[in-house]
Amino acid sequence: MSEILGDLKYTKTHEWIQIMDDGTITVGISDHAQDLLGDMVFIELPELDTSYKAGDDCAVVESVKAASDIYSPISGEVIAVNESLTDTPELVNKEPYGDGWIFKMQPEERGEIENLMSASEYEEYAESEEH
Amino acid sequence: MGNKTPLYQQHVEMHAKIVDFGGWEMPINYGSQIQEHHQVRTDAGMFDVSHMTVVDLQGDKVRDFLHYLLANNVDRLKTTGKALYTCMLNEQAGIIDDLIVYFMREDWFRLVVNAATHDKDLAWINKYAGDFAVQVTERTDLAMIAVQGPAARDKVHQLLPDVPDQLKDMAPFNAIELKNYFIARTGYTGEDGYEIMLDNSQAAAFWDKLYQLGVKPIGLGARDTLRLEAGMNLYGQDMTESTTPLESGLGWTIGWEPAERDFIGRKALQTQREQKDHKLFVALVLEGKGILRHDQKVYKDNEEIGTITSGSYSPTLEQSIALARVSPVADKTCMVEIRGKQIPAKIVKPPFVRNGKSCLS
């Protein structure tokens, strides 16, 4: 069974969102998602200092199996990308909620974050998707 | 629910992720696909390939039947157990399937065809078998386990009650019947090893014994990257009924001689060979960042020249590789469009990897 961290927010496209103390957010993909995709071999990171709307595809994770788009969970500007994934994409498999984070954003407005799923809502959603 | 092989329970117990593959519930991996890939390149791994179709053909005129049915010439098979890789073509020389044919006896040949093409293959074979009074028997009683890797043959020898010299010294692309086992020195990985047919009821015990000897289970995911590195085609992806062997890098499997042998698709193939303008099948190594995938377009001087048929990440070479069908204008380099960007790639001769080692210079 894959791990779902209680203090994070989640999207239907399996990104997780951590809200930092300074109001910025960190984004990665859930343990469930990395498990479905399998061994990561290439990550195309978002462009730094670029603004995306909620739902825009902004990055790509490629496993041996397939390429999957990563969607911006909210509207905002990319303020950091995880450069270490360029050489070690497997961090997304090994530590999806830790060193496998993908990018950080400055949200345009806080409201959008509230619309994201809680851990328990995501757990239910991920289970329903499997059936 | 799809079909299950006699090893289904083994896969579940070994924590396989199960997927549908041509109507069969098969293991895609048992954890990390990349680790499984390296396991086969460096040691030994086992694959459940029981979903593949084994067909026995019997009758006094079975050789004549195969002269007509198959593009390669079964006259290359003269000794018991000898195997031959060939395509089965339609009249337009499109590939109905690729298969291995084994010579058992003068009145008995065995075919191993793909699982996904089971129905159309059998329909095609049966369509012509009657004319030659050949009896077609599908061997659903047989399971098949492939054991592949540098240590594979030694592991299999360890679990046999006795190992005759005939097996020890058996050359690649040969098989022998040994008690209840049909052991062929063939595979789909670019490594040494065996493909073993055995009764369904024996499969689980054989699999478990291999596991005890340190042979790890390998899923279809790694099977795909292994065969791609080995430059081997996958039916349905690298070749279909709308492509010919000449366009699929399989010209070497066509038995042109003797010229008077009439096989299905011969006329169309001959015309294509004479016209010399058919597409070529090449191997690509990506030079920029990204992963080559099926259906990506290939360009030369901003002109589209072809399409990738199979692409993935090569765990051995740690870069992306592909097979592609391109116009004959292609030379040493090309560009591949990945998500709207053109990325440079090198055109090479397959295979990429053989017996654990890179073939790239």
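The values are calculated or read from the model by the stated rules, or taken from the named source; none is laboratory data. Values in this document were obtained by computation on a predicted structure and should not be read as measured data. Reconstructed Cβ throughout: ideal geometry from the backbone, glycine too, with neighbour counts over all protein chains shown. Ligands, DNA and RNA are excluded from the accessible area calculation, which covers all protein heavy atoms including side chains. Shrake-Rupley method; radii C 1.70, N 1.55, O 1.52, S 1.80 Å.
At a glance:
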| item | result |
| --- | --- |
| Under-5 Å amide H pairs with residue B:243, H placed in peptide plane, nonlocal only | B:95 |
| In region B:88-188, the trypsin sites (Lys or Arg not before Pro) that fall in loop regions by DSSP, at most 12 other Cβ within 10 Å | B:179 |
| Where trypsin sites (Lys or Arg not before Pro) fall in DSSP loop in region B:302-361, at most 10 other Cβ within 10 Å | B:332 |
| FRET E, pair residue B:158, residue A:24, Förster distance 51 Å, beta-carbon r, rounded to 0.05 | 0.30 |
| Where labels lie 7 Å past Cα in the beta-carbon direction, separation of residue A:84 and residue B:171 in nm | 5.4 |
| Solvent-accessible area lost in complex, 30 Å² minimum, residues of region B:255-304 relative to chain alone, 1.4 Å | B:289, B:291, B:293 |
| Cross-link pairs B:267/B:341; A:12/B:4; B:61/B:267; A:65/B:341; B:168/B:216 - those with Cα-Cα distance over 30 Å | B:267/B:341; A:12/B:4 |
| For the pair B and A, total buried accessible area rounded to nearest 100 Å², probe 1.4 Å | 1300 |
| Hydrodynamic radius of chain B per Kirkwood, over alpha carbon pairs, in Å | 21.2 |
| The protein assembly as shown pair-distance distribution - Cα-Cα, 10 Å bins, rounded % | 4, 17, 25, 24, 17, 8, 4, 1, 0 |
| Linear extension gain, residue B:327 paired with residue B:75, 0.36 nm per residue minus alpha-carbon span | 87.4 nm |
| Delta accessible area of at least 10 Å² on complex formation, residues of region B:31-69, 1.4 Å probe, chain isolated as reference | B:32, B:33, B:34 |
| Cα radius of gyration and Dmax for region B:296-361 (Å) | 12.2, 37 |
| Given chain B, longest segment not containing exposed loop GluC sites (Glu not before Pro) (DSSP; at most 13 other Cβ within 10 Å) | B:107-259 |
| Accessible area (Å², per residue) of the protein assembly as shown, counting only protein heavy atoms and a probe of 1.4 Å | 44 |
| Distant-in-sequence amide H partners of residue A:42 (H built 1.01 Å from N, under 5 Å) | A:62 |
| Spatially proximal aspartates and glutamates relative to residue B:279 (Cα-Cα < 20 Å; intrachain offsets below 8 disregarded) | B:91, B:97, B:98, B:238, B:241, B:247, B:295, B:301, B:303, B:304, B:331, B:337 |
| FRET E, pair residue B:240, residue A:128, Förster distance 30 Å, beta-carbon r, rounded to 0.05 | 0.25 |
| Isotropically averaged projected area of region A:9-112, using the convex hull of Cα atoms (one quarter of hull area), nm² | 5.7 |
| Per-selection Kirkwood Rh - region B:221-361 (Cα, Å, 1 d.p.) | 15.7 |
| Relative contact order (percent, whole number), chain B, Cα cutoff 8 Å, 6+ residue spacing | 18 |
| Carbon/sulfur fraction of accessible area - chain B, other protein chains in place, 1.4 Å, % | 49 |
| Whole-Å distance, taken between Cα centres, linking region B:74-125 and region A:56-131 | 48 |
| Average Cα contact separation per residue, chain A, under 8 Å, 6 or more apart, as relative contact order % | 30 |
| Threshold 40 Å² - residues in region A:61-83 whose accessible area is reduced by that much or more when the chain is no longer isolated, probe 1.4 Å | A:62, A:64, A:65 |
| Centroid-to-centroid separation of region B:21-52 and region B:244-318 [C-alpha atoms, Å] | 26 |
| Probe 1.4 Å - accessible area at residue B:176, Å² to nearest ten | 20 |
